[in-house]
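**Student:** Okay, handing you the structure first.
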Amino acid sequence: MTALPSVVAAPTAPQVLDRCRELVHPALKETVGRLHPWLGEMAAYSFGWCEVGGTPVVAPGGKGVRQALAVLGAEAAGAPARAGIAAAVAVELVHTFSLLHDDIMDGDETRRRRRTVWKAYGTGPAVLAGDALFALAVETLATAPGGAGGLRLLSTALGDLVHGQADDLLFAARPWRGPERVRPDEYRAMAEGKTGALLGCSAALGAVLGGAPPATVAALDRAGRHMGIAFQLVDDVLGIWGDPAVTGKPVHGDLRERKKTFPVLTALSAPGARHLATLLESDVEPAVTAGLIEEAGGRTATLAEARRHIAAVETALAGVPLEAGPADELRSLLEFLVHRAL
């Protein structure tokens, strides 16, 4: 009897993330090692490589989604591995720079169950460490083959990221109702800038450094941006209704912090939302508000919007020729990121 061919299972998203981290880590560590020793220590602390004072440690780090997107984007476009690694180092440096500054702006004192850099070292040093990481990312791209195109792509993404961050900060001061209230379409644009722009840049940057055609670069950037919006929308749902044992955040946390998230904004656009706006302006128990948001369709509308962006990712990836294996791994990351609440 002829043996049937064995079927090799596609890598899971955690396996994909692990593989990409192993590829990128040596280059990332070597690059960070070029910083001023004090700045390098703060960077290493933020990556989970050391404690305050420089004692080596293995602490929880980020998932490495952006660096994985950079590697997979390069591989999917048929670019050489070195292009994906250089791109991954650059986007990881930029992402960490943005987190250092975000934690200061938001007043967050912990990240991944450790003190944030500004709490551990001080506000001024944390700002300086973030600036150093940004400068190092620019240097990494400037010295890479094809770096000029990479810098143009990164500068566009950073402009969008800063625009989105500015809108996010300004949203907090705007009212829940009336002509000055935040509209769902404004929030969607903010999410694309704050979250989607760097994900899009991550997916496209390795392709740029590898000399991929403009259409492929544009498709990967578009896919990453839609992925970022979908991720933010799902995060909004989990921020109100998520299980704390899974999310690591308190139930109804976003409502307690008065965050203007997509479920709230869509519910406020529904007929008869005046009572909800009154409750959001009061100190009523968040569980009551969460129930009204769900009754007004906020949760359903947010998940439907997330699904539209997931479909847009698929459309973007299907619109250009990509290497099948890496493209499938990109899709596995999409499922990992956004199917948590669907």
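FYI, it's all coordinate maths here, none of it is from the lab. Quick caveat, the model's predicted, so the values are computed rather than measured. Counting neighbours? That spans all protein chains shown, and the Cβs are built from the backbone with ideal geometry, glycine included.
**Student:** Hey, in the GNM for the chain with a 10 angstrom Cα cutoff, which one of V127, V24, V217 fluctuates hardest?
**Tutor:** Largest GNM mean-square fluctuation: V127.
**Student:** When only DSSP loop residues count, what trypsin sites (Lys or Arg not before Pro) in segment 73-116 have their Cβ near at most 15 other Cβ atoms within 10 Å?
**Tutor:** Details: sites: R82, R111, R112, R113, R114, R115; in loops: R112, R113.
The qualifying sites are R112, R113.
**Student:** While we're here: Run the quick spin-label model on T143 and T55: label points 7 Å from Cα toward the beta carbon, then report their separation in nm to one decimal.
**Tutor:** Label at T143, label at T55, 3.3 nm between them.
**Student:** Just to check I understand the Karplus step: with θ = phi - 60° and J = 6.51 cos²θ - 1.76 cosθ + 1.60, what whole-Hz values come out for segment 204-215, glycine and proline as x?
**Tutor:** Going residue by residue, I get 8, 5, x, 5, 4, 5, x, x, 5, x, x, 5 Hz, with x marking Gly and Pro.
**Student:** For C50, what residues show an amide H to amide H distance below 5 Å, using hydrogens built from the backbone and excluding near sequence neighbours?
**Tutor:** Here Y45, V57 satisfy the definition.
**Student:** Let me ask something else about it. What list of ³J(HN,Hα) values in whole Hz, one per residue of segment 86-92 in order, does the Karplus curve 6.51 cos²θ - 1.76 cosθ + 1.60 (θ = phi - 60°) give from phi, with Gly and Pro shown as x?
**Tutor:** 4, 5, 5, 4, 4, 6, 5
**Student:** Moving on. So for the pair K29, A311, with labels modelled 7 Å out along Cα→Cβ, what separation do we get in nm?
**Tutor:** Going from the K29 label point to the A311 one covers 4.6 nm.
**Student:** Also, I was wondering about something else. Taking R0 as 22 Å, what's the FRET efficiency between H36 and R115 from their Cβ-Cβ distance, rounded to 0.05? The partial results should precede the final answer.
**Tutor:** Details: r = 21 Å, r/R0 = 0.96.
So, using R0 = 22 Å, E works out to roughly 0.55.
**Student:** Bin all alpha-carbon pair distances of segment 3-146 at 10 Å intervals from 0 and give each bin's fraction as a whole percent.
**Tutor:** Calculated over all Cα pairs of segment 3-146, the distribution is 11, 39, 31, 13, 4, 2, 0 percent.
**Student:** Please turn the phi angles of segment 315-330 into ³J(HN,Hα) values with the Karplus equation 6.51 cos²θ - 1.76 cosθ + 1.60 (θ = phi - 60°), one per residue in order, whole Hz, x for glycine and proline.
**Tutor:** For segment 315-330, the Karplus-derived couplings read 4, 5, 5, 7, x, 9, x, 10, 5, 4, x, x, 5, 5, 5, 4 Hz, x marking Gly and Pro.
**Student:** Pick from E41, E186, E295: which is most flexible by mean-square fluctuation in a GNM of the chain where alpha carbon atoms under 10 Å apart are linked?
**Tutor:** Result for the chain, Cα springs under 10 Å: E295 fluctuates most.
**Student:** Seen from all sides and averaged, what is the projected area of the convex hull of the Cα atoms in segment 13-338, in nm²? Could the numbers behind the result be given before it?
**Tutor:** Numbers: hull surface 64.5 nm².
So the mean shadow area of the Cα hull is 16.1 nm².
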